[in-house]
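Novice: The structure is given below, and queries will be raised subsequently.
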Amino acid sequence: MDTLTHILNGFAVCLQPINLWYTFLGVFLGTIVGVLPGIGPSATIALLIPVTFGMNPTSALIMMAGVFYGTKYGGSTTAILIRTPGEAASVMTTLDGYEMARKGRAGAALAVSAIGSFIAGTLGVVALTIFALPLASMALKFGPAEYFTLMLFAMTAVASLTGKSPAKGLLATLLGLMIATIGIDLQSGQPRYTMGIAEFQDGVGFVVVVVGMFAVSEVLRGLVDIQRGTGAKLLPISGKLWLTREEWKRSVGPIWRGGVIGFIIGVLPGAGGTIASILSYTTEKRLSKYPEEFGKGAIEGVAGPEAANNADTAGALVPLLTLGVPGGGSTAVLLGAFIMYGIQPGPLLFQNRPDLVWGLVDSMYIGNIMLLILNLPLIGLFVKLLLIPIGILYPLIVSIAAIGAYGINGSVLDLYLILLFGVLGYIFDKVDIPVAPLVLSLVLGGMMEQSFRQAMTISGANPKIFFNSTITITLVIMSVISIAVPFVIPRIKAMLKSDEA
Amino acid sequence: MMADRIILGVTLVLAALYFWATQQIPSLEIGDPLGPKAFPRLLGIGLLLTAALLAVEMWKARHEKPAPAEPGSMVHYLVVGGVAVWTWLYFYSFEPLGFIIATVLYLLGLTGYFNRGKWIANVSTAILFPVFTYLMFTKGLGVSLARGVLPF
């Protein structure tokens, strides 16, 4: 019953007024960031790190997690009203959500995505609560070799699943790992790849990389779109912000199924919210009695994917919290935030800081309730944000990025770096090199090298240690499979395409 | 695809540079059988394998027709280049001029171009935003921002 006490104590932590306030601030910011296209959760969390530096870590992490799952709620609004995903994972919602809005059912589309997000989001947190401890106690047995192979699996899965080309995903992964080797080597004290620049002795901060690649590059993309004049039109919120009995009946199934799909995909490394919502969409289309309505305003096509991408966020926190190894870009940034506070997520955290872990998990129940209120009765206020001209919004994002980057060390070099990584991120996008694998491997790089060297020290430099236990062997095999998967996926995609035709 | 050839070339050059830079790390192997060079060497090998995979992908896609160039692709080079240079100037003047003045100038320039004609909105944002955020971050949150030539 010890566990139950910890879970209940977590509520005592997150119900403290200060933490309630930060939960609210997090989900409020998350909704704003979700509604606004152009800036996503990764850049926002990275920008919050310098700002929250003096804060109590529990409150700061509660807020950052709020941003992480809050964006998924806001993202659907933009998808429905201007057919632009406010957040990458809402891309499927543009298909039927926008069509519903064109038919005067924007209110119902917004309502079903808020309600679906709430049900699936809460379901996800329940599953996170249930599965966290067993996984964490299993991970207690992990040695350096297990950790090394686990990180290898996380990286190969993300590399092969996030982009169009697994080779380019691997390239991004290796670039991240190489950037992570810049700085003083912890074991020997030798400076590596610092190019004689004193600031590089502490390494290249992941905040500048994330802010550059996610925020600055997005601004460059947005400004190009303005120049081309490819702006979208904002539809008004039409119809009542509620569902008819018929619509509700059609949405219940997709919400539950989407929640389950989203959570499972979230736990697995690599796939993430976008793939979860695509899977949910295709599942619903297949199960539906009216598949011909999909793409023309079927409510199932909004309910399922929105449920899936919200359950995905709770699922994605499972490996982050229990193993300390994130399975995607945004959770990698969250791990970076933990590390900045000197907190290492993983099995030991459940033993040493149950107040923090369960305070954080329990705050998500409350955060989801807050999000339901923000995104249903109050959504009209957030939609007003879309009236801000993007020609003003994007330049402001650069200034905010500058504050965040300069605020860490007060160094102008960090400013030049966000510009450099911003331009690099823009080019990467143009040539289809995914950015998430780079961020993940940058955050994990140091840990990965340490566990590699510890394992090799234990074994007397014999690489056989990576094939000594069932866990390591399984993980190595899974890494190999994850690289092989992309060669199978094009066939599956071809099958789906012939289905749609 | 031209872009893919360039990526392959850059990957190979990068691998060579990284191997060379790894050689330059002085090593004193005490109590650590691997030293600071072993893991980077693995990464270098990984980069070479990636280059090989890239080549395989290009070979498999050799019959695919390249996607037609996006219309106005020159425009995006100009926009990205222009914004990058303007942002570089912003960062260059960040400390000498201070956050407020540098940001006002930066925002005036960009909003004036990308939100053309809406002078009242542009000028008021360009002035109010930096002043407000400066006060909020330096006085409220204790994050230091460059003061520059202004006395506060």
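Novice: Taking the condition of being in a helix (DSSP H, G or I) and more than 7 Å from chain B (Cβ to nearest Cβ), how many residues in the stretch A:376-393 meet it?
Specialist: 11
Novice: Given the structure, is A:Gly273 modelled with pLDDT under 95 and surrounded by 20 or more Cβ atoms within 10 Å (Cβ to Cβ)?
Specialist: For A:Gly273, the condition - modelled with pLDDT under 95 and surrounded by 20 or more Cβ atoms within 10 Å (Cβ to Cβ) - is met.
Novice: Still on this structure: Residue by residue through the stretch A:443-467, note down the ones that are in a loop (DSSP other than H, G, I, E, B) and either within 19 Å of A:Met155 (Cα to Cα) or not small (Gly, Ala, Ser) (or both).
Specialist: Within the stretch A:443-467, just A:Asn462 meets the criteria.
Novice: Could you give every pair whose Cβ atoms fall below 8 Å, whose first residue belongs to the stretch A:116-134 and is in contact (Cβ under 8 Å) with a residue 60 or more places away in the chain, and whose second residue is basic (Lys, Arg) and surrounded by 19 or more Cβ atoms within 10 Å (Cβ to Cβ), counting only separations of at least 6 or pairs across chains?
Specialist: A:Ser117/A:Lys72; A:Gly121/A:Lys72
Novice: Restricting the stretch A:177-211 to residues that are assigned to a helix (DSSP H, G or I) and facing another protein chain (nearest Cβ under 10 Å), which is surrounded by the most Cβ atoms within 10 Å (Cβ to Cβ)?
Specialist: A:Leu177
Novice: Ok, one more. For A:Val35, which of the numbered conditions (1) surrounded by fewer than 24 Cβ atoms within 10 Å (Cβ to Cβ); (2) closer than 30 Å to B:Thr138 by Cα; (3) touching a residue at least 40 places away in the same chain (Cβ under 8 Å) fails to hold?
Specialist: It fails just one condition, (1).
Novice: Next question, about the same structure. Give the number of residues within the stretch B:28-45 that are more than 24 Å from the chain's Cα centre (by Cα) and either facing chain A (nearest Cβ under 7 Å) or at pLDDT 90 or above (or both).
Specialist: So the answer is 10.
Novice: Sort through A:Leu348, A:Leu323 and tell me the only one that's out of contact with any helix residue (DSSP H, G or I) (no Cβ under 8 Å at 6 or more places or on another chain) and either closer than 18 Å to A:Met55 by Cβ or in contact (Cβ under 8 Å) with a residue 40 or more places away in the chain (or both).
Specialist: A:Leu348
Novice: Ok, one more. Among the residues of the stretch A:297-335, which ones are of a type outside the set (A, V, I, L, M), under 22 Å from A:Glu146 (Cβ atoms) and assigned to a helix (DSSP H, G or I)?
Specialist: A:Gly315, A:Pro319, A:Thr322, A:Thr331
Novice: Ok, one more. Of these, A:Tyr416, A:Tyr406, which one is buried (at least 21 other Cβ atoms within 10 Å of the Cβ) and hydroxyl-bearing (Ser, Thr, Tyr)?
Specialist: Within the list A:Tyr416, A:Tyr406, the selection yields A:Tyr406.
Novice: Within the stretch B:1-11, how many residues turn out to be within 21 Å of the chain's Cα centre (by Cα) and either within 8 Å of chain A (Cβ to nearest Cβ) or exposed (fewer than 15 other Cβ atoms within 10 Å of the Cβ) (or both)?
Specialist: Looking only at that region, the number is 7.
Novice: Tell me the residue from A:Phe131, A:Phe142, A:Phe118 that is farther than 19 Å from A:Val318 by Cβ and away from every other protein chain (no Cβ under 14 Å), please.
Specialist: When all the criteria are applied, what remains is A:Phe118.
Novice: Still on this structure, please answer the following. Would you check which residues across the stretch A:407-442 are acidic (Asp, Glu), assigned to a helix (DSSP H, G or I) and more than 12 Å from A:Val207 (Cα to Cα) and list them?
Specialist: Once the filter is applied, which keeps residues that are acidic (Asp, Glu), assigned to a helix (DSSP H, G or I) and more than 12 Å from A:Val207 (Cα to Cα), the stretch A:407-442 yields only A:Asp429.
Novice: Tell me which of these A:Ile373 doesn't satisfy, since it passes every other one: (1) more than 30 Å from A:Trp242 (Cα to Cα); (2) surrounded by fewer than 18 Cβ atoms within 10 Å (Cβ to Cβ).
Specialist: (1)
Novice: Filter the stretch B:12-25 down to the residues that are hydrophobic (A, V, I, L, M, F, W, C), at the interface with chain A (Cβ under 9 Å from one of its Cβ atoms), more than 13 Å from B:Ala51 (Cβ to Cβ) and assigned to a helix (DSSP H, G or I) and list them by number.
Specialist: B:Ala21
Novice: Return a yes/no flag: does the stretch A:150-157 have any residue that is at the interface with chain B (Cβ under 9 Å from one of its Cβ atoms), closer than 30 Å to B:Val56 by Cα and not acidic (Asp, Glu).
Specialist: No: the stretch A:150-157 contains no residue that is at the interface with chain B (Cβ under 9 Å from one of its Cβ atoms), closer than 30 Å to B:Val56 by Cα and not acidic (Asp, Glu).
The values are calculated or read from the model by the stated rules, or taken from the named source; none is laboratory data. Since the structure is predicted, the reported quantities are computational estimates derived from the model, not experimental observations. Positions of Cβ are backbone-derived with ideal geometry, glycine not excepted, and every protein chain shown enters the neighbour counts.
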